[in-house]
Amino acid sequence: MNPVVDIRNVHKIYTRGSEKLDVLKGVTIQVAQGEFLALMGPSGSGKTTLLNLMAGIDTPTSGDVTVNGRDIGKMGEDQLAAWRTRNVGYVFQSFNLVPVLTAYENVELPLLLLPIDRKRRHEQVMTALEVVGLAERKKHLPSQLSGGQEQRVAIARAIATDPALVLGDEPTGDLDRENAESMMELITTLCQEFQKTFVIVTHDPKVAERASRVLHMDKGILVENQPAQGKSAPPAESRQ
């Protein structure tokens, strides 16, 4: 089976005046379907940049970025925007829910960008809310939900379009330990039972323990590749 994410020899260079910053230095990584990958490393090591390349939010300076069978590194902005809507879900640290919209309406937002009818949209919203255990809270505003419930709504929104890849940048950063553990259980279930593919950036070793694989980055390179504690990694490659 082809990997969901296939990144080969990617460099990302940012220019600030006369200075060039080589943020990613020849990164090669593959992520299998159903894998839960945690990216760790110090601030400025390139984790978020790598995540943004997978999401099609940024493009590589050189190298190849293939996600769900498409070479997204060579797409134009309009192509990327349309592609992201169908293929990538994103979970943020601060939830990023619209405060004046209900849980249902927040989950529905990405589906409004797709050419599907109202009935199909409703079915996908309710399926996503049921998967995260919040169907009965569909009419609640974010202010009427706990932090853990808000993050579950954010996950439902991320999976509502049935994307090939779900990304998270410190998605448990604003949660207490109990809610962080609950969220990790949910992600593990989505990977194992629904074959969703998750890649998250985290500084929390307790979160990383729940992943099927952990990669460590430092100064733009992958310095370590290991299964999470007590788990076996799927047969996906990861090379520096």
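Bear in mind these aren't lab numbers, they're just calculated from the coordinates by the rules spelled out. None of the values given here were measured: they were computed from a predicted structure. Cβ atoms come from the backbone with ideal geometry, glycine included; neighbour counts cover every protein chain shown.
For residue 93, nonlocal amide neighbours, meaning residues 5 or more places apart or on other chains whose placed amide H falls under 5 Å from its own, are 169. Derived scalar couplings between HN and Hα for the range 23-31 equal 6, 10, 10, x, 6, 10, 7, 10, 10 Hz in order, rounded to whole Hz, by the Karplus curve 6.51 cos²θ - 1.76 cosθ + 1.60 (θ = phi - 60°), x for Gly and Pro. Here the 3J(HN,Hα) profile of the range 208-218, calculated from phi with Karplus coefficients 6.51, -1.76 and 1.60 at θ = phi - 60°, is 4, 4, 7, 6, 7, 8, 10, 10, 10, 10, 8 Hz, Gly and Pro shown as x.
As a test of the definition: which semi-axes, in Å, follow for the chain when you take the square root of five times each eigenvalue of its alpha carbon gyration tensor? Largest first, please.
29, 21, 17
Axis of helix 77-87 versus longest Cα principal axis of the chain: the two differ by about 60°, to the nearest ten degrees. Prolate is the label for the range 30-92. Its Cα gyration tensor axes, ordered a ≥ b ≥ c, give a/c of at least 1.5 and a/b above b/c.
Computed 3J(HN,Hα) for the range 196-203, one whole-Hz value per residue from the Karplus formula 6.51 cos²θ - 1.76 cosθ + 1.60 where θ = phi - 60°, is 6, 10, 10, 10, 10, 8, 8, 9, glycine and proline marked x. Counting neighbouring Cβ atoms within 10 Å and putting the fewest first, the residues 12, 206, 196 line up as 206, 12, 196. In this structure, the pairs whose alpha-carbon distance is over 26 Å, taken from 138/196; 25/196; 25/206; 47/74; 74/206, are 25/196; 25/206; 74/206. Shape annotation for the range 30-149: C-alpha extents along the principal axes are 46, 37, 27 Å, from largest to smallest.
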